[in-house]
Every structure is written in structure tokens, then in C-alpha cells.
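Everything on this sheet refers to the single structure shown next.
The values are calculated or read from the model by the stated rules, or taken from the named source; none is laboratory data. On a predicted model such as this, the values are computed, not experimentally measured, just so you know. For neighbour counting, all protein chains shown are included, and Cβ atoms are generated from backbone atoms with ideal geometry for every residue, glycine included. With ligands, DNA and RNA removed, areas are computed over all heavy atoms of the protein, side chains included. Shrake-Rupley method; radii C 1.70, N 1.55, O 1.52, S 1.80 Å.
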Amino acid sequence: MATATKRRADLVTWRNWVGDQGCSPASVEVPRSGDELIETVRATAAAGRTLRVAGSGHSFTEAALTDDVMVRIEALDRVLEVDANSGRVKVEAGIRLADLNERLHEHGRALENLGDIDRQTLAGAISTATHGTGANLRNISAQVAAVELVTADGELRSIDADSGDDLLAARVGLGALGAIYSVTLRTLPAFTLHRVDTPRPLAEVIARFDELAEANDHFEFFVFPHTETALTIERNRTDLAPKPRGAAKAWVSDVLVENTIGDLALRLTRRRPSMIPRLSRGAAKVMSQGERLDRSYRIFANERRIRFTEMEYCLPRERAPEALRRVLDLISKRRFEVAMPIECRVVAADDALLSPSHDRTSSYIAVHQYQGMEWRPYFEAVEAITNEYEGRPHWGKRHFQTHDTLAERYPRWKDFQAVRDRLDPDRAFRNEYTDRVLGP
């Protein structure tokens with residue numbers, strides 16, 4: 001590995017992208033090579049200190065917070081190896097998904113599935129089980145074939161399919177096993193997606209939920225509180241050539257309408273919450289049919305400039321329509337001041353030990369609250385509903401679970417803990433969040 005002069009960041013307060021999670025680390029290290037990452041971890045652990053690795057700060061939880069050593073990995077963003085025969089690509093873990101997608105495309109490759117935001121680092125996305133949508137497609141971490149992990153003893157461990165539970169744990173490790181240096185991904189030849197947005201009556205979408213999920217490579221829908229209209233989004237592979245939108249059209253749609261005007265409307269509801277039902281019904285009425293045809297990663301990702309906080313729960317797929325209807329009824333009954341939509345996606349089962357979709361075909365239901373508005377009572381009430389379905393939280397989004405409430409929801413919880421005990425016995429990678437959700 002090449003070495004370079006390690007940079008140390010002078011940072012008084014670190015905050016996530018929303019600005020509602022923050023900490024004041026004692027020191028912030030910015031390694032620029034694998035050797036520097038190893039040196040940082042080894043020196044920190046040897047001094048009896050703790051460290052947390054932070055990426056782009058796109059998590060809504062306290063996962064990256066620390067008052068000791070913070071390691072920023074964004075400078076670790078190189079493509080290391082491309083195997084044209086197997087399609088496996090090895091990259092440094094600090095690369096942002098947006099940059100990774102462009103680099104993969106240069107080699108004629110693509111990831112089979114992605115979420116709708118591409119600002120996360122690769123390490124952050126897989127460590128929190130970030131996912132896309134698709135009844136027959138697993139989350140992003142399931143595309144990981146191997147990782148290189150710097151453990152507290154300062155060793156760079158290569159963990160692949162032959163490593164058994166170690167890989168299944170490292171795919172979704174919450175940063176509690178070590179610092180990920182590199183990730184080897186299984187990729188596909190680059191492909192085109194056709195996206196169709198269609199407003200439909202909510203009752204129809206709920207009645208046809210399984211049909212729509214199975215009929216599309218990628219299916220999801222949004223519904224605003226106080227409305228009975230759902231915006232369905234269907235994405236499917238096609239042999240047609242991409243037809244990218246012009247820059248002006250993309251700016252009007254993604255920046256002006258969805259973000260600038262959308263943000264102004266949400267600011268208005270924050271000032272005058274009584275307007276929420278009326279504005280929500282207006283938003284539902286202006287949702288229109290639309291189509292796009294472009295490179296897969298451009299179709300997956302959306303422009304997200306509106307600031308909000310979010311909670312998302314993974315449920316058995318067959319229970320999602322009922323749970324979503326209950327959330328909508330809850331908002332009306334309890335008169336929660338919520339103007340942002342509820343989102344529903346579908347995901348195939350996978351085998352990562354702490355994946356929310358571990359060993360069960362799943363749906364994710366996500367609820368959002370605009371910045372500056374009260375979110376906790378709403379999220380707590382929604383979580384009470386998801387608890388009835390053995391819901392598992394998205395690890396990068398808000399929830400109120402503890403290791404005591406979570407252990408019973410993951411069939412291989414003890415196996416993950418055994419890997420953690422072996423790789424980080426002294427808990428060099430702990431913080432208050434890992435103490436709460438994994439135990440001390």
C-alpha cells in the first residue's frame with residue numbers, strides 16, 4: 001500500500017448531514033492510505049482509547065459519535081482492482097457511492113441494486129445495511145464478496161467467503177468490528193433502467209402489492225398523510241439505449257420543483273401545521289405520470305436537498321400493507337403534524353447476521369419528519385406498531401431499540417456477538433450507540 005503524509009483535522013464539532021447529531025472528538029484522524037489507517041487504529045488501541053469511523057455523516061443515528069478519536073475515511077477512495085472475468089471490483093471503503101458508480105461505469109460495470117441516495121461512503125452504506133428495492137434483490141451489503149478490516153490489534157484482516165461468519169458479520173457490522181479499509185464487490189455489466197412514475201389509488205396499490213412487487217425489477221411507492229393516492233415507482237431493465245434528460249429539464253424537476261418548492265412548502269407547514277392536510281392533498285393531486293430511461297445508477301439515485309430526520313423499519317413483506325395503513329390511520333387519529341410522505345419498498349432475504357432482512361423476504365416502511373419539527377412522539381408511536389410485526393430497524397436511521405429488545409429478533413444474534421468478542425474483545429470500536437444496540 002502506498003503511504004502518504006497523514007492529515008489531522010482540526011474540528012471542534014462534527015455533525016451529520018442533517019445537523020441533528022453532533023459530537024466534539026478529542027482528535028480527528030484522516031488517513032490517506034491503508035498503512036495510515038492501520039497506524040491510526042493500532043496507536044489508538046494501544047493507548048487504551050476508543051475510536052469510531054465516520055464517513056459522509058448520512059446516518060440519522062448516533063453511530064459515528066465519539067468524544068475520543070474519530071477516523072474520517074473519505075480520502076480512502078481509490079479503485080484498487082478490477083477483474084474483468086469475474087466482475088469483482090476492489091475499492092477503498094471511503095469512496096462515495098456516487099463516485100463509485102461513475103468509476104464502475106468507466107469499466108463497463110454496475111451494482112445490481114442501490115438505494116435512492118448516493119452520498120454515503122461505501123463503508124457506511126454496507127455497515128448500516130442500506131438497501132434499494134426489488135422483490136428478488138438483496139441489500140447493498142449482500143453484493144460484498146470480501147472486506148479488508150483493520151482490527152484493534154492493528155492487523156489488516158482479509159475476510160472473504162472462506163471466512164464463514166466473519167464475512168457475514170462484517171457485511172453489516174455497525175463499525176463495531178474494526179475499520180473497513182477495502183471492499184470487494186460483485187458487479188454486473190452496466191445496464192439501463194426504465195423508470196415509470198404512476199399515481200394510483202392507495203387502495204389499489206395495497207390490494208395489488210404483491211403483484212406489483214413481483215412484476216417489476218424494482219418497485220416502491222410513496223403516500224402522503226391525509227391522502228388516498230400513492231405514487232408508484234417501477235424500475236425495470238431494458239435493452240434500450242439511455243436517453244438522459246437535458247440539464248435544464250433535470251434542474252427544473254429535481255432541484256426547483258422537488259427540492260426548492262418542496263422545501264418552501266414544508267417550511268410553510270412548520271409555521272402553520274393546520275395547513276398540512278390541505279397541502280398534502282394538493283401534493284397528491286399534482287403527482288404526475290413520468291418516465292425516464294438512463295444508466296442504472298442515475299435512475300436509482302434522487303436529488304435530496306430537503307433536510308429531515310427518518311426512521312425505517314423492516315417487516316415481513318406480507319405484513320407491510322396492513323402496517324402502512326395503520327401508520328396512516330395513526331397520523332390522523334393522533335393528529336401528528338407530519339407533511340412528509342411514508343415510503344414502502346420491498347427487499348429479498350439475505351444472510352448477513354445483522355441484516356434487517358436476514359432470512360426473511362421483507363418490506364421496509366420509512367417515516368420522515370421535516371427538520372425543526374417534533375419527531376419523537378410520532379416515531380415512537382410508529383415503532384410501537386412495527387414492534388407488533390417483529391420489526392427490525394434500519395441501522396442508519398432513528399429507532400429506540402436496545403440490545404435486549406433486538407437480540408430476540410435476529411436468529412443469529414449470538415453468532416455476531418461471538419465474532420465481535422473475537423475481533424474486538426476490548427471494545428476499541430465502541431461508543432454509546434453500540435453499547436445501546438449491541439451491548440457493552
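What full-extension length gain, to one decimal in nm, is calculated for residue 161 and residue 85 as 0.36 nm per residue of separation minus the Cα-Cα distance? Can you show the working numbers first?
Details: separation 76, 0.36 × 76 = 27.36 nm, distance 1.83 nm.
Full-extension gain reported as 25.5 nm.
With a point put 7 Å past each Cα toward its Cβ, work out how far residue 305 is from residue 288 in nm, to one decimal.
2.0
Report, in listed order, any pair from 90/249; 285/333; 249/397; 243/397 with a Cα-Cα distance greater than 30 Å.
90/249; 249/397; 243/397
May I ask for the angle, rounded to the nearest 10°, between helix 413-423 and the longest principal axis of the chain, with both axes built from Cα atoms and the value confined to 0 to 90°?
30
If I stretch the segment between residue 374 and residue 208 completely, what's the gain in nm (0.36 nm per residue apart, minus their alpha carbon distance), one decimal?
On the way: separation 166, 0.36 × 166 = 59.76 nm, distance 3.37 nm.
Contour length minus Cα-Cα distance gives 56.4 nm.
Counting heavy atoms of the protein chains only and a 1.4 Å probe, report the per residue accessible area for the chain as a whole number of Å².
Ligands and nucleic acids excluded, the figure is 41 Å² per residue.
To the nearest 10 degrees, how steep is helix 97-106 against the longest Cα principal axis of the chain, on a 0 to 90 scale?
80
Round to a whole angstrom and tell me the spacing of the C-alpha centers of region 80-125 and region 172-197.
If we compute the Cα centre of each part, the gap is 6 Å.
Cut-off 10 angstrom, C-alpha nodes, Gaussian network model of the chain. Which of 330, 266, 240 fluctuates the most?
Checking each option, the largest mean-square fluctuation is seen for 240.
Could you work out the relative contact order of the chain? I mean the mean sequence separation of Cα pairs under 8 Å and 6+ apart, divided by the number of residues, in percent. Can you show the working numbers first?
Working: 962 pairs, mean separation 75.9, N = 440.
Computed over the chain, the figure is 17 percent.
Taking all protein chains as present, what is the carbon and sulfur share of the accessible area of the chain, in % to the nearest whole number, probe 1.4 Å?
Values: 8570 of 18110 Å².
Carbon with sulfur: 47 percent of the solvent-accessible area.
By how many degrees, 0 to 90 and rounded to 10, does the Cα axis of helix 262-271 deviate from the longest principal axis of the chain?
Once rounded, the angle reads 80 degrees.
Provide the packing ranking of 180-189, 108-117, 22-31, i.e. peptides ordered by the mean count of other C-beta atoms within 10 Å per residue, highest first. Please report the intermediate quantities before stating the final value.
Working: 180-189: 21.4, 108-117: 19.8, 22-31: 18.2.
Per-residue mean Cβ counts within 10 Å order the peptides as 180-189, 108-117, 22-31.
Grab the Cα-Cα distance for residue 78 and residue 239, subtract it from 0.36 nm times how many residues apart they are, and report the gain in nm with one decimal.
Between residue 78 and residue 239, full extension yields 54.9 nm more.
Rank these by accessible area, largest first, 1.4 Å probe: 50, 361. Spell out each step's value before the answer.
Numbers: 50 30, 361 65 Å².
Most to least solvent-accessible, the answer reads 361, 50.
Specify whether the C-alpha gyration tensor of the chain places it in the rounded, prolate or oblate class, a ≥ b ≥ c being the square roots of the eigenvalues: rounded for a/c under 1.5, otherwise prolate if a/b is larger than b/c and oblate if not.
On the way: a/c = 1.60, a/b = 1.38, b/c = 1.16.
It comes out prolate by the Cα gyration axes.
Could you sort 20, 254 by accessible area so the largest value comes first, with the probe set to 1.4 Å? Write down the numbers at each step before the final one.
Working: 20 60, 254 30 Å².
In descending accessible area the options line up as 20, 254.
Mind grabbing the accessible area of residue 194 for me, 1.4 Å probe, Å², rounded to tens?
60
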